[in-house]
Every structure is written in C-alpha cells, then in structure tokens.
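The values are calculated or read from the model by the stated rules, or taken from the named source; none is laboratory data. These numbers were taken from a predicted model, which means no experiment stands behind them. Backbone-built Cβ (ideal geometry, glycine too); neighbour counts: all protein chains shown. Please note that ligands, DNA and RNA were not included when accessible areas were found on the heavy atoms of the full protein model with its side chains. Shrake-Rupley method; radii C 1.70, N 1.55, O 1.52, S 1.80 Å.
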Amino acid sequence: MSTLTIKNLHVRLENPSTTGLRAGYPSTTQAATGHGGAGNPILNGINLVVRRGQTCVLMGPNGSGKSTLGNTLLANPQYKISRGSITFGKHMLSKMKTDEIARAGVLLAFQNPQTVSGVSVTNLLTAAVRNFKGKGKDFKMADFREEIKDTANTLKISKDFLSCSLNEGFSGGEKKKMEILQLSLLPAQLIVIDEIDSGLDIDALKLVAKQISRLRARGVTLLIITHYNRILRWIKPDRVHIMHKGKIIKSGTSTLATAIEKKGYGDYIK
Amino acid sequence: MRKHTSVIEKDQGISAALTDRYLFRTERGLSREIIEQISESKNEPAWMREFRLKSYEQFLKIPLPTWGPDLSKLDFQAMRYYQKTEPAKYQSWNDVPADIKNTFEKIGVPQAEREFLAGVIGQYESEGFYQNLRSKWEDKGVIFCDTDTAVQKYPELVKKYFMTECVKAEEHKLSALHGAVWSGGSFLYVPKGVKVDMPLQTYFRMNARGSGQFEHTLIIVDEGASVHYIEGCTAPIYNTASLHAAVVEIFVKKGARCRYTTIQNWSKDVYNLNTKRSIVEEDGIQEWVGGSLGSKTTMLYPCSILKGRGARAEHLNIAVAGPGQHKDTGAKVIHCAPNTTSTIVSKSISFGGGISTYRGLLKILKGARGAASHVQCDALMPDNISVSNTVPNIVVNESDVTIGHEAKVGRISADQVFYLQSRGLSEQEAVNLVVQGFIEPVIKTLPLEYAVELNRLIQLEMEGSLG
Ligand SMILES: Nc1ncnc2c1ncn2[C@@H]1O[C@H](COP(=O)(O)OP(=O)(O)O)[C@@H](O)[C@H]1O
Ligand SMILES: [Mg+2]
C-alpha cells in the first residue's frame, strides 16, 4: 500500500480535437459545449495527501471540481493537467495512461457509470482481472466467477444483473452497486468513490457502506467524494477536505463533516 | 479452441505452394467454347450444357447493376472461370493429397468433422474434392454431396429445382454468369420428417489468383424435416481481384425448418456477389445467420419468400467493413401468405474508413393478412471516418399487418472507452469488448465453436484499427 500525493494540481478541459485517444472517438459529454468550455481551468492548485490505509472524505458544493479530480486521477483524456503532479507510492500517476493507473491498483467508482450493451459485468470483470498482476499463482477463473456471485450476494444484487448488459436500464442505485461490486473484485489499493450515496435508498446505502468498510478493513486506501453526510453515519473518515472552485479550502477531522452537516458550506465559501 | 476458417494469419506460407495446382483449367476469359469445355470436363448431360449456354447468352445481354457499390473494375475477361484440381471425390482424409489436406487441417476441418458435424464437403477452387456424411443420416435418406455429383446421380431432383423457380439465371448479370459457369457447391436433401440434429458443413477454399468461384448450393428440406447447414468460405491474400458469385437456393417444405449459417472471410481483393434465396411453404421456418468478413466488395441480400400460410423467416447478419472495404448487405423478405412472420436483425461495424450499407426489402403482398415483421439495423462505428448507410425498402400492399423498423447508429464513445480502461483494459481491449457486446445477439445463435471463431476473426480484423 502506498500514499497518494497530489501537488499543486492544475487541470483544464482538454481541447476535444487533441484528445489523447488516437482513433478520435466522439465524447458523449461533449467537453467543448459544456459549462466549462475547452481550455477553462477547473482545478486550480490542489494539494492533497491520502496516507496509505487512510480514509479521506472530499466534500464541496456542486461544480467545485470533485469529479474532475477523480477523473484526473484516472487520466481521463478529457482533462489536461497543466501544472502539478499526482503520485501514488512509486507511481507517477500524472504521467500514466488510464489502464496503467488501474493496474497499479487505483480504481474509481464513477458518479455516472457508462452503459455497455451486450457486455455483462461478468464479461467485463473476467476480461479485466486477467490484466492484473499479483492476483496469485493459484488464480482460477472459475473461482473468480464464484467470487463475483458471492460479492453480488452480499450486495443483494440479483443474479440476472450479472449476466445482462452492464448498466443498461439499471436504476441509479443498481448502477452504484455495480460500481462497488467491480471495485471489490479487482485488486485495488486506492479507491476513489464518487457520490456513491446519491440515488441509493437507505437499505442499499447501508449495504454499500458495509462493503466500503470491508474494503477499508482490507487496508485499501479510500478517497470518498460526497456532498452529503449520509454515508458518514457508517464510515468515520480519518480526514475531511472541503473543495470549492477547484481548490481545497479547508481540511480537518470528521468533526468538520458534522459541522457542515449542521451549517452548510456557507462559513467556508466566501 | 477450434481453428476452422481462421486462415488469414497462417496462410501466406501454405497457399503459395498450392496456387498453381490444377489438372485442367480453362483459359482466362469467357466464351461459348470455354463454357462447353467446363461442361465437357464435368461430363455433363446435354440439358445442363444447354442451360449453361442459354445463361451465357443472358449474361451478355444484361448490364451490370447500376445501384450499390462500384463494380466497374470487375474485368470479366481477365478472370479464370474453372480450375479442376482433383481427379476424384475423396471420402477419407487419408486419400486427400497431402498439400490440400494440410490446408484443411490448418483450418481445423477434419477435427470439426470428428467432433460435431454430421457431414462435410470440402471444395478446393472450382470443385468439391471431399465429401462424407455419417452413415446414420445416409441410412435415413439424407443426401449430401457436391452439386456436380448431384447432376450425375440425382438428375431428376436437380432438373426440378436448379435455377428453375427460386433463383433464375436471367434475374441479373451475376446470376446469369453463375448459370453459365457454376461449379461445385453443396447439394442437400433431407427427406420428410428427418430431423438432422448435427450441423452439416461445407468448406470452400479459393487459392488461385484472378479466378472465380461459382459454387451452387441447393438445399431441399422436405415436409416436417429440419437441418442446419453451415458454410465457411475463405480465400488467401492475393492482389488480383477474384470473383465469388455463388447462388444458394433453399426449399423449405411444409412444416420444415432450415438454418443456413455462413461465416465468410474472403481476402481483401475479392468481389463477393451472391444470390441466396429460400422459398418457405406453410408453417416452414427459414433462418439465415451470416457473418461477412473480408472481401473488397460484398453484395449479399439473402431473401426469404414466405409462400405458405404461417411461414416464418429470421435473418441475422453481421457485416464488418474495414479500410478499403464496401459491404452492401441486407435481407429481403416477401410475405405472400397470411400470418407469415419475419424478423431481420442486421448489424454492421464500419471502421478505418470502411463503408457498410444495409439494403433491405420488406414486401407484404395483398392478401398476406396478419403478416408481421420487425426490422432492426444497428451500426457501430468506432471512429469518425467510416460510413454507415441504411436503405430499408418497405412495400406494403395489405392493411392488416404489423411492422416495426428500428435503425440505430452507435459510436464507441470516448467515455465508454475510458470507463473500460479504468478497469484495467487496454484501449484495444476496451474497443474489442464494446464490439463483442454489439455482435452478441448474433453470436449467441451460433454453435459455440463458431461463436468463438467469429469473435476472434472480428477482433483480428479490427486489430490495429486504432491507428
Ligand atoms: N467534461 C466537461 N465538460 C464541460 N465542463 C465540465 C466537464 N467536466 C467538468 N466540467 C465543469 O467543471 C466544473 C467541475 O465539475 P465537476 O468536477 O463535475 O464538479 P463536482 O463533481 O464537484 O460537482 C463544473 O463547472 C463543470 O461544469
Ligand atoms: Mg461530481
């Protein structure tokens, strides 16, 4: 396990024509027409350390750049790092490609997961797991398939969801559960969880929170992005950071989250 | 996994040696004399020779189609129409000459035959060289042989069904050409009530440069019978355009069922221009499952004529068009009788500047009350430089019908690729997975061996497509 260190990170929207993808796939979110506009800065000098095994929470009003940070950690080609660096242990994440970062054990639970027609979560996971080193010499695909089923069981994901098109026609909550399922099954060291609590009913939230606690107990480092406090009923963070307009404006312990719960962000954002 | 039809990458070595293999071949080009030579070499009865010559006259008269892909570079006089390589039809792989046997070993044919096929025909260049049907089916009266053999052994059946009712020579230039120079192909007859529960397969292989292959497949599934026939076609990589103009005629009698599956993987210089049609009688079912890979230009629109009440057609097709390729494929269904039903699912992948067009015809004749049809065309384009067209023609002359039509163009979005990469897949693996998902509805109808193979072929074809 390693420490995540983000130093003076500046991020802007990538110009769509210079997107890193060579084949030039179109982007469904159409960066150029979005609120930000191509070239506009989104993150303006983030400094953040998440020590190995720690659980940090990143809070902040809508649009403050939380998801952008999560996506930048995974080198989403929509975003360009204009200054600063991200390291995770010996890995210089800010110089790596998305799949390399994932294989280094850094995974992201998406705020808005993609739909993949004709590909089930089982298809995806069995294809993905092959790429991870250190899954042990005695790794057997058949065992892995069982593990998928068991974890789905704990998350109360019904069997059908394991073999049908990933996220196609799924409710918000079902998608979120699928994210946690995937991250639980790949050998993760650092997991960024983006707004897992939105769209979940209380029972589902409890299940997901429990699963996150299990990951934490395994020693996984966690960066939990949320703008509510709900999930913190089950998970007590080591550190809480408040983000606003692309900067960390306040850091503290879990009492900071409680304060925000009571008074909102008003005191911190001027 | 099994390796049949997976020739492209291993081919270069073995095919060169085989290129000039022939016992007899006609000169390049086409004339009455050449057609007579073909007929004579096959020792055909006069009626077939006459039929060929009559077709040739039609061929001279009919112009090339003016719609669809550009065929102007097709030089009929530069082509060699007939190349016979073997003196006999072998019934055991032990008798097959080593070089040909090796080619077919490499694509896994004998192994597939041992493991899961009811019968096999192997065709090399113009004619079948190997044929074998498990005795279990032979005893039940199933006939499975190459069409040249059928002309000799079952002239009555051939005379009755060969280009008389289903596909006629005078229909278009290529059917006329086919009638004149056809050679090889499979003849399959399944007697009343016999349900053949293992697939029968024919493998076609075209090795000679600048040559044509014109196999004729004739399938008759008698009342209440059922069969699954599979065709795999491959040709190695050459740079002199070759022509493949096959005709497939299928007769599905009352209550019978025929599934025709073909996975074609031609080399990228072949013109693949086929005519395939089935006449389906009362309560009969015709299923077409096709995977079209390779070739320079493909024109293929399997057609089901739903002649009898309650007849049904299912068309499933995947076409892949890469750089320099033009796939003009689709389906035609003519509903002639009440309560006939059809579904058409056409999937295409265009990449690297490839062009794919769905060209369909759905026709419901007056009196076909209660007919129902659903057409679904899905196109996938992983990039911005490829082309996908849809030309669905729907002609309805009856009011009591149900018709659905959907057309979707999907792109592989950057977000989707990023999402999959964030799970540790490389960019190519991510694209492959999206493609796999896209073709999954067709893949799942194939026997496992073919499903794996088709998936693999498509990935091979698209490899390196990311620039
Ligand atoms: N792909 C994009 N296209 C256009 N604008 C974007 C894009 N991604 C982020 N932005 C903009 O950057 C800002 C931060 O967004 P985001 O990171 O999603 O915030 P949060 O997750 O904190 O709600 C917002 O103003 C948003 O509109
Ligand atoms: Mg967000």
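Structure above, values below:
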read-out: Tally of residues being away from chain B (no Cβ under 14 Å), of a type outside the set (A, V, I, L, M) and either without any contact (Cβ under 8 Å) to a residue 12 or more places away in the chain or crowded, with 22+ Cβ neighbours inside 10 Å (or both) across region A:66-100; value: 3
read-out: Residues (free of Cβ contacts under 8 Å to residues at least 60 places away in the same chain, open to solvent by less than 30 Å² (accessible area, probe 1.4 Å) and of a type in the set (Ser, Thr, Tyr)) located in region B:341-386; value: B:SER342, B:SER346, B:SER348, B:SER350, B:SER356, B:TYR358, B:SER373
read-out: Qualifying residue in region B:278-297 (condition: among the β-branched types (Val, Ile, Thr) and under 16 Å from B:HIS178 (Cβ atoms)); value: no
read-out: Options A:LEU69, A:LEU58, A:LEU74, A:LEU108: the member that is out of contact with any helix residue (DSSP H, G or I) (no Cβ under 8 Å at 6 or more places or on another chain) and within 16 Å of ligand 1 (Cβ to nearest atom); value: A:LEU69
read-out: Helices (runs of 4 or more DSSP H) wholly inside region B:364-467 that include at least 2 residues being within 12 Å of chain A (Cβ to nearest Cβ) and in contact with a Pro (Cβ under 9 Å, 6 or more places away or on another chain); value: B:414-421, B:427-443
read-out: Per-region count, region A:102-139, residues more than 9 Å from every other protein chain (Cβ to nearest Cβ), farther than 22 Å from A:LEU73 by Cα and basic (Lys, Arg); value: 2
read-out: Region B:300-318: number of residues that are open to solvent by less than 10 Å² (accessible area, probe 1.4 Å) and at pLDDT below 95; value: 1
read-out: Boolean, A:SER158 is under 19 Å from A:VAL129 (Cα atoms) and of a type in the set (Ser, Thr, Tyr); value: no
read-out: Residue ranges of helices (runs of 4 or more DSSP H) in region B:147-231 with at least 2 members free of Cβ contacts under 8 Å to residues at least 24 places away in the same chain and surrounded by fewer than 24 Cβ atoms within 10 Å (Cβ to Cβ); value: B:155-161
read-out: Strands (runs of 3 or more DSSP E) wholly inside region A:189-270 containing at least 1 residues that are basic (Lys, Arg) and surrounded by 15 or more Cβ atoms within 10 Å (Cβ to Cβ); value: A:239-244, A:247-252
read-out: Output for region A:194-236, where each listed residue is in contact with a Cys (Cβ under 8 Å, 6 or more places away or on another chain) and within 16 Å of ligand 1 (Cβ to nearest atom); value: A:LEU223, A:ILE224
read-out: Residues located in region B:320-359, provided they are of a type in the set (Phe, Trp, Tyr) and assigned to a strand (DSSP E or B); value: B:TYR358
read-out: Pick from region A:54-65, criterion within 16 Å of ligand 2 (Cβ to nearest atom) and open to solvent by 10 Å² or more (accessible area, probe 1.4 Å), ranking: farthest from B:SER426 (Cα to Cα); value: A:PRO61
read-out: Residues within region A:1-31 that are touching a strand residue (DSSP E or B) at 6+ places or on another chain (Cβ under 6 Å) and either within 16 Å of ligand 2 (Cβ to nearest atom) or at pLDDT 85 or above (or both), tallied; value: 12
read-out: Residues of region A:74-92 satisfying the condition of being touching a strand residue (DSSP E or B) at 6+ places or on another chain (Cβ under 6 Å) and closer than 15 Å to A:ALA188 by Cα; value: A:LEU74, A:PHE88
read-out: Any hit, region A:51-64, residues being under 24 Å from A:ARG214 (Cβ atoms), touching a strand residue (DSSP E or B) at 6+ places or on another chain (Cβ under 8 Å) and within 14 Å of chain B (Cβ to nearest Cβ); value: no
read-out: Unmet criterion (only one of (1) open to solvent by 10 Å² or more (accessible area, probe 1.4 Å); (2) modelled with pLDDT of 95 or more) for B:THR240; value: (2)
read-out: Test: residue in region A:32-51 that is at pLDDT 95 or above, closer than 15 Å to B:LEU420 by Cα and within 16 Å of ligand 2 (Cβ to nearest atom); value: no
